[in-house]
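Structure record follows, encoded as structure tokens.
Every number in this text was worked out from the coordinates using simple rules, so none of it is lab data. A quick note: this is a predicted structure, and the numbers were derived from the prediction, not measured. Note that we place each Cβ from the backbone using ideal geometry, even for glycine, and neighbour counts take in every protein chain shown.
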Amino acid sequence: MNNTAHCFLSYADPDLLVGNFIGDFVKGNKWLDYPVGIQRGIILHRIIDSYTDNHSATRLSVGRVRDFAGRYAPPVVDILYDHLLCLNWEHCTDIPFDTFASWAYLELESRLAEMPPVLQKRVPQMVAGRFLHGYQTREGLEWVLNQFNRRLSERLDVRSLLTFFFNKLEAFSEDFQTFFPDLQQEVLRFRTEQDQER
């Protein structure tokens, strides 16, 4: 899962949000340098990533895009699934998307000092561009994939990938709808256990 899911699965715990959001930028045991609340978020980020990578439905989606994305198929599916989360939003939560996104934007901007330097520079631009809202549209999804593509040594044909994805949207949606409730239960289990330990 990508930004939208990581932020959504942290709602409405600001410390969990920060840790979950910075998870990709905290390597090894560096998570121990953070306050306990943010540590929990970093751990949750790793749980989400591991659970996603190992779910049978996600693996089906990864297999579908392998011809277009090669070894980058898993992170590409993470991005595609954020779009599917937006499309299926009302089936996943009663929280209005704008309510969730406004909360996330506000909290992330207010906690910049606690983030790695690269994110301290990047987050204000992301929030100004309403990055979570970008996953709602095909155009926004294409922009995210193009940004991802710029960092790769082997470039992807984003247009062809997206044409395939939207032509097979029903199949990808079935994968997502099988996977995401399971992920939500896994996250709920973790959050409940963490709350009991406080």
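Would you mind classifying segment 20-135 by shape? Square roots of the alpha carbon gyration tensor eigenvalues, ordered a ≥ b ≥ c; an a/c under 1.5 is rounded, otherwise it is prolate if a/b is larger than b/c and oblate if not. Note, shape of segment 20-135 comes out oblate.
Approximating the spin labels as points 7 Å out from Cα along Cα→Cβ, the HIS91-to-VAL118 distance works out to 3.4 nm. Rounded, prolate or oblate: which fits segment 4-45 when a ≥ b ≥ c are the square roots of the eigenvalues of the alpha-carbon gyration tensor, with rounded for a/c under 1.5 and prolate only if a/b beats b/c? The shape class here is oblate.
Placing dummy labels 7 Å off each Cα toward the beta-carbon, the span from LEU106 to ARG159 is 4.2 nm. Using alpha carbon centroids, what distance separates segment 58-112 and segment 24-47, in Å? Using only Cα atoms to place each centre, the spacing works out to 20 Å. Over segment 3-197, the pair-distance histogram of Cα-Cα distances with 10 Å bins from zero comes to 8, 35, 39, 16, 1 percent, rounded to whole numbers. For the chain, the longest principal axis of the Cα atoms and the long axis of helix 158-167 meet at an angle of about 80 degrees.
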